[in-house]
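A.B. asks: Got a structure for you, written out below as structure tokens; questions coming shortly.
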Amino acid sequence: MRKMEKYSDEQMNKISNSIKAIENKSSKFLFSIPQIESPSALIYEIYFHAHVVEQMGFEVNILTDDDYKIPDYIEDELINKTHKSMNKAKLMVGPHDIMVIPEIHTNVMEVTKDLPCKRVMLLQSIDYLYNALIPGTSPSDFGVKDILTTSETLKDLMNLYFDVYGFKIKHYDLGIPNYFNDDGRPKKPIVSIIGRNPNEISKFVKLFYTKYPQYRWITFDAMLSNSKPPKPLIRTDFAEKLKNNFAGIWIDRISSFGTFPLECIKAGVIPICLKPDITPDYLIDKTKSKGGDFYAKENMGVWTKDYYDLPLLLNDVLTRFLDDSIPNEIYNTMKKESLNYTQEKSQKQLEEIYMGYLNERKEQLEELYENNKKEE
């Protein structure tokens, strides 16, 4: 058996100080953040995580690119954090600190692989991860072993394809703010429309008007500001605008969760969606699972695998809306499901997860310290 390397007094003092830092809540949390121009659930969640950790009493730093601009759509209370350029920041971190790196930032994983802090990959999109990875590599090549994800389905996929790397994967439920709650206001014949590909959005609108010219008075809302040029809305304003509309179109083939349909569900807006490759967690009814097969929940809006079905489905929902014949069961089911995705629940889960990371690191350091003492 290989004998354990004896640490110097200086190294032992550093280990002891790191243990005390965790006990005294002196750990720092560093969040790496990419620059993404369009509204992004990933960016919002990074700021939300930082906000949760700050409320827990820890120091928080947001690590950015040199030319990073804080997005307009993030609420002020979430952006009141210390931002530091990754290239200019002198990162003084220890084993008691935690760095959270989004999956798109594999370059950050690589340049920070020699830092002593614990590093966690925040995973929201397997497509972003594979776009950033060189074939045949994984985050473990950069020393990252912990993964935190917003999708249980995505967690299962990571366990399926990355099982040989021995990742420790934790999952939490993404929360939708309470200001999206349906307040009972009358809905207008306006359709919110969100998608990753502008060409698919434009084509959808043209297809709908071609098929149903009698409905050219229906308004499609891209959910942007009235300024010139239009800008992404602050999320509170986005919610206010959404709650006025009767339906929401979502066209996103590669999403791993789907925030917009869940926002619609919470706001009492019928989501009409192109089902992505990864089925959103809130569509899966695990109570009816048999032999690993999952059954879709009913009355959770309208979903299809066929893009060209979307205009036809909108017509069906619009007809029922104008006739006031949309079943109340749909609205009741959506309201019930939305209760599973609150920020209060999300915050509680994140607090437990991040404290779990710190306690785990503390146990590792204590074991290292005690084992080294035995070698004296």
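A.B. asks: Hey, of (i) 167; (ii) 152; (iii) 129, which did the structure itself give for volume of the Cα convex hull per residue in Å³ when calculated?
C.D. replies: Computed from the coordinates, volume of the Cα convex hull per residue in Å³ corresponds to (i).
A.B. asks: Can you compute the charge dipole magnitude of the chain about its Cα centre, using +1 on each Lys and Arg Cβ and -1 on each Asp and Glu Cβ, nothing else charged? Give it in debye, rounded to the nearest 20.
C.D. replies: Values: 49 positive and 56 negative charges, 102 e Å.
Here the chain has a charge dipole of around 480 debye.
A.B. asks: If you filter the range 49-85 for trypsin sites (Lys or Arg not before Pro), then keep DSSP loop positions with at most 13 other Cβ within 10 Å, what is left? Before the final figure, lay out the partial values.
C.D. replies: On the way: sites: Lys69, Lys81, Lys84; in loops: Lys69, Lys81.
Those satisfying the criteria are Lys69.
A.B. asks: Further question: I need to check one value: relative contact order of the chain, counting alpha carbon pairs closer than 8 Å and at least 6 residues apart, in percent.
C.D. replies: 16
A.B. asks: Of the residues Val317, Val53, Val111, which exhibits the maximal mean-square fluctuation in a Gaussian network model of the chain defined by a 10 Å Cα contact cut-off?
C.D. replies: Of Val317, Val53, Val111, the most mobile in the Gaussian network model is Val111.
A.B. asks: May I ask which residue of Gly136, Tyr212, Asn178 lies farthest towards the positive end of the charge dipole of the chain, with charges of +1 (Lys, Arg) and -1 (Asp, Glu) on Cβ and the Cα centre as origin?
C.D. replies: Farthest along the dipole direction, towards plus: Tyr212.
A.B. asks: Arranged by the count of other C-beta atoms within 10 angstrom, fewest first, what order do Met92, Met334 take?
C.D. replies: In increasing order of surrounding Cβ atoms, one gets Met92, Met334.
A.B. asks: Next question. When a footprinting reagent is the concern and you count Cβ atoms within 10 Å, what order do Glu360, Glu10 take, fewest first?
C.D. replies: Taking fewest neighbouring Cβ atoms as first place, the list is Glu10, Glu360.
A.B. asks: For the Cα atoms of the chain, what angle does the longest principal axis make with the long axis of helix 343-374, in degrees from 0 to 90, nearest 10?
C.D. replies: 20
A.B. asks: Under unit Cβ charges (Lys, Arg +1; Asp, Glu -1), what dipole magnitude, rounded to 20 debye, does the range 123-242 have relative to its Cα centre?
C.D. replies: Result for the range 123-242 is approximately 720 debye, rounded to the nearest 20.
A.B. asks: What distance in nm separates the two pseudo spin-label positions at Met92 and Arg185, each 7 Å out from Cα along the beta-carbon direction?
C.D. replies: Computed distance between label sites Met92 and Arg185 equals 5.0 nm.
A.B. asks: Taking amide H positions as placed in the peptide plane 1.01 Å from N, state which residues far from Asp285 in sequence (5 or more) or on other chains have amide H under 5 Å from it.
C.D. replies: Residues meeting the amide H criterion: Tyr295, Ala296, Lys297.
A.B. asks: Can you work out the Karplus-derived ³J(HN,Hα) for every residue in the range 193-206? Use 6.51 cos²θ - 1.76 cosθ + 1.60 with θ = phi - 60°, whole Hz, and x for glycine or proline.
C.D. replies: Calculated HN-Hα couplings, in order: 9, 10, x, 7, 10, x, 5, 5, 5, 4, 5, 4, 4, 5 Hz.
A.B. asks: A further question follows. Can you find, among Ser85, Ile194, Leu157, the residue sitting farthest towards the positive end of the charge dipole of the chain, where Lys and Arg contribute +1 and Asp and Glu -1 at Cβ?
C.D. replies: Towards the positive end, the residue furthest out is Ile194.
A.B. asks: Here's another thing I want to ask about it. Normalised by the residues of the range 84-156, what does the relative contact order come to in percent, with Cα pairs under 8 Å and at least six apart?
C.D. replies: 32
A.B. asks: Pull up all non-local amide H partners of Leu122: gap of 5 or more, or a different chain, and H-to-H distance under 5 Å with H placed in the peptide plane.
C.D. replies: HN-HN under 5 Å from Leu122: Ile101, Glu103, Leu148.
A.B. asks: Continuing with this model, one more query. Before rounding to the nearest 500, sum -39500 (n - 2.57) across all DSSP H runs of length at least 4 in the chain and divide by the residue total; then give [θ] at 222 nm in deg cm²/dmol. All intermediate terms of the calculation are to be shown ahead of the outcome.
C.D. replies: On the way: 12 runs with 144 residues, N = 376.
Rounded to the nearest 500, it is -12000 deg cm²/dmol.
A.B. asks: Which of the three applies to the range 178-338, rounded, prolate or oblate, going by the alpha-carbon gyration tensor with a ≥ b ≥ c and a/c under 1.5 meaning rounded? Can you show the working numbers first?
C.D. replies: Numbers: a/c = 1.39, a/b = 1.32, b/c = 1.05.
The shape class here is rounded.
A.B. asks: If you line up the long axis of helix 152-161 against the longest principal axis of the chain, both from Cα atoms, how many degrees apart are they, to the nearest 10?
C.D. replies: 60
A.B. asks: Which whole-number percent gives the relative contact order of the range 178-338, counting Cα pairs below 8 Å spaced six or more residues apart? Display every interim value, and only then the final one.
C.D. replies: Working: 241 pairs, mean separation 36.6, N = 161.
Over the range 178-338, the number comes to 23 percent.
A.B. asks: Let me ask something else about it. Give me a comma-separated list of calculated 3J(HN,Hα) values for the range 84-94, in order, Karplus coefficients 6.51, -1.76, 1.60 applied at θ = phi - 60°, integers in Hz, x for any Gly or Pro.
C.D. replies: Result, rounded to whole Hz: 10, 5, 4, 6, 9, 6, 9, 6, 9, 10, x.
A.B. asks: Would you please classify the overall shape of the range 10-58 from the alpha carbon gyration tensor, given that a ≥ b ≥ c denote the square roots of the eigenvalues, rounded means a/c under 1.5, and beyond that prolate means a/b larger than b/c while oblate covers the rest?
C.D. replies: Oblate, since a/c reaches 1.5 and b/c is not below a/b.
A.B. asks: Related question: So who's got an amide H within less than 5 Å of the one on Ile190, skipping anything under 5 residues away but keeping other chains? H placed 1.01 Å off N, in plane.
C.D. replies: Here Phe246, Ala247 satisfy the definition.
A.B. asks: I've got another one for you. Please list 3J(HN,Hα) in residue order for the range 129-142, calculated via the Karplus relation 6.51 cos²θ - 1.76 cosθ + 1.60 where θ = phi - 60°; whole Hz, with x for glycine and proline.
C.D. replies: 4, 6, 5, 8, 8, 6, x, x, 10, 8, x, 5, 5, 9
A.B. asks: Still on this structure: Provide Glu45, Glu329, Glu200 in ascending order of the number of other Cβ atoms located within 10 Å of each residue's Cβ, fewest first. The partial results should precede the final answer.
C.D. replies: Details: Glu45 22, Glu329 10, Glu200 15.
Least crowded to most crowded, the residues run Glu329, Glu200, Glu45.
The numbers here are math on the coordinates, done by the rules we state, and not lab data. No experiment lies behind these values; they were computed from the predicted model shown. Please note: Cβ atoms are built from the backbone with ideal geometry, for glycine as well, and neighbour counts cover all protein chains shown.
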